[in-house]
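Everything on this sheet refers to the single structure shown next.
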């Protein structure tokens, strides 16, 4: 497997502020990480693919200027939700790609925007 | 576009019975099919996976079958236990990409 951490585990912020979520690969160097969003009782929706040292690839419909992704090292990717609004409230989960096939997920970050 | 359908959306079984969850994928180039278990508020955990060159794989009480012709794959849990209660997601990955397309999830409840 792989050990993946996320920080913070939960965050509450005011509308209009920005929030940064960190995803760390603790036991191996991850060239590729993914960011997902999950609404209550729904499936995981891929937001973007984060590649170390290059720009993230965003899925259709995901605003890249709103969800800023930085993968500056092989062990850290960050997702910044800019100018957050209540509709951005969700469970955000990152994952790392290992061995070409398998994804291992972080514990998730619950974002609540007031 | 690529799509993965999953059925049923909810499933209740008596402890000790078997549970079967089915998925259908649209992209015939898909070649890797993992299954994840997600407990409330927790991360998805890989429980079993299968590649397109294999028709069946088993790990203790859990098995997955793949029918490439029909583009179906299924999760089978035997001798279910209350701790099997969770949401299960199937996914499909297309050859040449790293992206997973997830199914909509099945909420399994095992009744003691």
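Read-outs: derived from the displayed coordinates by stated rules, not from any lab. Nothing here was measured: the structure is a model prediction, and the numbers come from that model. Cβ atoms come from the backbone with ideal geometry, glycine included; neighbour counts cover every protein chain shown.
Figures for the structure shown
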item: Taking B:62, B:50, A:21 and counting other C-beta atoms within 10 Å, the order from fewest to most; result: B:62, B:50, A:21
item: Spin-label model distance (nm) - residue B:46 vs residue A:28, 7 Å beyond Cα toward Cβ; result: 0.8 nm
item: Label-reachable residues, the range A:47-86, where backbone N falls under 16 Å from a point 7 Å from residue A:14's Cα toward its Cβ; result: A:83-86
item: Alpha carbon convex hull of the protein assembly as shown, projected area averaged over orientations, nm²; result: 12.3 nm²
item: Alpha-carbon spread of the range B:1-84, three principal axes, descending order, Å; result: 36, 26, 20
item: Over chain A, volume per residue of the alpha carbon convex hull, in Å³; result: 96 Å³
item: Simple spin-label estimate for residue A:63 and residue B:20 in nanometres, 7 Å along Cα-Cβ; result: 4.6 nm
